[in-house]
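Working notes for the structure below.
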Amino acid sequence: MRIDSITLRKLQMRLKAPFETSFGVTFDRPILLVEIQSDGVTGWSEVTATEGPFYNTESVDIAALVLRDFLVPLVLGKSVADASHVREYFAPIRGHEMARAGIENALWDIEAQQQCVPLWKLLGGSLQKIPCGVSLGLQSTPEKLLEKVAVELSAGYRRIKLKIKPGKDREFIAAVRKAYPDILLSVDANSAYTLDDAEHLRSFDEFSLLMIEQPLWWDDIYSHSKLQKQIKTNLCLDESIRHLRDAQTALELGSCRIVNIKLGRVGGFSSAREIQGYCDQNSIPVWCGGMLECGIGRAHNIAVSTLPGYKLPGDVSASARYWVEDVIEPEVTVTPDGFIQVPQAPGLGYHVRHDLIERWTVEKEIFRAS
Ligand code: OSB
Ligand code: MG
């Protein structure tokens with residue numbers, strides 16, 4: 001595969017409703033897309049960074065800069081035997097996993113099209129329908145939250161995740177657990193607590209949660225090992241896991257018993273596969289996280305969720321929960337019993353809507369190999 005051209009585009013999309021986490025509210029969602037041409041084939045990917053460095057250190061604009069000034073020049077005009085090898089060119093760059101994933105994942109789409117197989121098959125996946133959960137943003141009152149939960153359960157979703165932060169936790173979790181004693185229920189704090197809150201977090205043990213996701217500092221695997229020893233509920237790491245070495249550190253220290261894999265956060269499909277393989281060997285279940293993606297990132301998430309080890313419902317849900325109109329066709333839909341049927345067409349498995357992408361593009365740069 002020769003990398004003939006790379007196009008970076010920033011789109012401005014608006015969510016159907018604001019999404020609130022412990023680090024802020026997102027309503028207008030900038031979306032950074034990477035389009036690569038190689039040997040006459042076009043591949044797409046989405047850089048899943050947020051609008052500011054609030055979730056991790058990356059953001060859409062920072063990732064665009066790192067791509068333009070550093071990653072694109074390392075690979076433009078170069079040839080790779082297959083998509084998994086492109087990351088070797090990125091060796092001089094520290095961090096910026098989401099920016100890297102933007103290039104690697106578009107090449108996986110190209111490779112799948114060249115081989116005329118769906119992306120999930122190229123990755124080694126096998127599940128034909130993936131179980132889906134939802135992530136619900138912070139709500140003003142427990143009553144409001146209960147209304148949202150009711151809607152998602154009747155749509156068939158198989159796991160409900162509640163965003164929490166100090167002052168908006170016990171009362172909300174208790175209300176949902178009381179109304180639904182048997183559902184798979186988890187919470188995600190996005191690093192809103194400290195070890196001083198260990199007693200408080202231990203009090204959540206009574207709610208039989210599936211997991212507490214990333215309660216402590218985004219970059220602190222060690223402190224999570226201290227917390228995990230003090231509570232019964234399984235911890236799950238999201239922000240802290242950037243690559244296989246982080247997963248090894250976390251499992252060896254006993255920092256979590258479940259791992260959230262996000263394609264962007266870990267630097268792309270190759271790294272995601274390594275982490276999943278390692279977790280599988282150690283009987284640690286993994287699941288696919290979400291970053292409020294448009295259809296392109298969503299299609300990639302569906303493909304990776306077909307791999308063995310993705311045993312728990314992910315945060316991969318229907319396009320219509322986020323967008324009035326999505327950039328792929330057909331949009332991602334969920335069956336009444338809460339599954340996404342895996343597409344069978346080559347590559348992404350969905351048609352990319354160039355017309356919408358063009359309409360919503362606010363910045364575009366094309367880099368061509370000479
Ligand atoms: O921590 O999983 C997270 C969204 C933005 C940033 C971080 C997270 C999330 C979500 C939303 O929980 C998941 C989704 O529905 O895409
Ligand atoms: Mg999370």
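Against the chain, whose longest principal axis is taken from its Cα atoms, helix 97-114 shows a tilt of about 60°.
Charged neighbours of residue 206, selected by a Cβ distance under 12 Å, balance to +4 (K, R count +1; D, E count -1). Taking max minus min of the alpha-carbon positions on each principal axis, the range 47-171 gives extents of 56, 35, 16 Å, largest first.
Using the Cβ-Cβ distance between residue 311 and residue 370 with R0 set to 56 Å, the FRET efficiency works out to roughly 0.75. In the range 245-311, Cα pairs under 8 Å separated by at least six residues give a relative contact order of 34 percent.
Distance check, please: which entries in 78/121; 129/229; 129/262; 10/144; 165/232 exceed 28 angstrom between their Cα atoms? Table pairs above 28 Å Cα-Cα are 129/229; 10/144. Between the helical axis of 170-179 and the longest alpha-carbon principal axis of the chain there is an angle of about 90 degrees. Eigen-decomposition of the gyration tensor built on the alpha-carbon atoms of the range 107-250 gives equivalent ellipsoid semi-axes of 31, 23, 12 angstrom, largest listed first. Against the empirical curve 2.2 N^0.38 Å, the C-alpha radius of gyration of the chain lands at a ratio of 0.94. The range 118-137 and the range 234-300 have Cα centres spaced 14 Å apart. Couplings 3J(HN,Hα) of the range 220-230, computed from phi: 10, 6, 4, 4, 5, 5, 5, 5, 4, 5, 9 Hz, in residue order, whole Hz [Karplus 6.51 cos²θ - 1.76 cosθ + 1.60, θ = phi - 60°; x for Gly and Pro].
The accessible surface of the chain, taken with every protein chain in place and a 1.4 Å probe, is 52 percent carbon and sulfur.
Of all DSSP beta bridges in the chain, what percent run antiparallel (nearest 5)? Taking every DSSP beta bridge within the chain, about 65 percent pair in antiparallel fashion.
The residues of the range 243-370 have, on average, 38 Å² of accessible surface per residue, using a 1.4 Å probe with all protein chains present.
Relative to the longest principal axis of the Cα atoms of the chain, the long axis of helix 142-154 makes an angle of roughly 60 degrees.
For the range 224-370, would you read off the P(r) tail past 24 Å as a percentage of all alpha carbon pairs? Roughly 41 percent, once rounded to a whole number.
Normalised per residue, the accessible area of the range 114-183 is 46 Å², obtained with a 1.4 Å probe and no contribution from ligands, DNA or RNA. Each Cα pair under 8 Å and six or more residues apart adds its separation to the average, and for the range 200-286 the resulting relative contact order is 26 percent. Taking 0.36 nm per residue of separation and subtracting the current Cα-Cα distance, fully stretching the chain between residue 200 and residue 88 would add 35.9 nm.
The 1.4 Å probe gives accessible areas that order 165, 148, 232, largest first, as 232, 148, 165. What the phi angles of the range 278-285 give under the Karplus curve with 6.51, -1.76 and 1.60, with θ = phi - 60°, is a coupling list of 5, 5, 4, 4, 9, 6, 9, x Hz, glycine and proline written as x.
With Cα atoms defining each centre, the range 317-349 and the range 53-107 are spaced 26 Å apart in the structure. Here's how it looks for residue 117: its modeled amide H is under 5 Å from those of 347, which are all 5 or more places away or on a different chain.
The values are calculated or read from the model by the stated rules, or taken from the named source; none is laboratory data. These numbers were taken from a predicted model, which means no experiment stands behind them. Cβ: placed from backbone, ideal geometry, glycine included. Neighbour counts: every protein chain shown. For accessibility, only protein heavy atoms count, side chains too; no ligands or nucleic acids. Shrake-Rupley method; radii C 1.70, N 1.55, O 1.52, S 1.80 Å.
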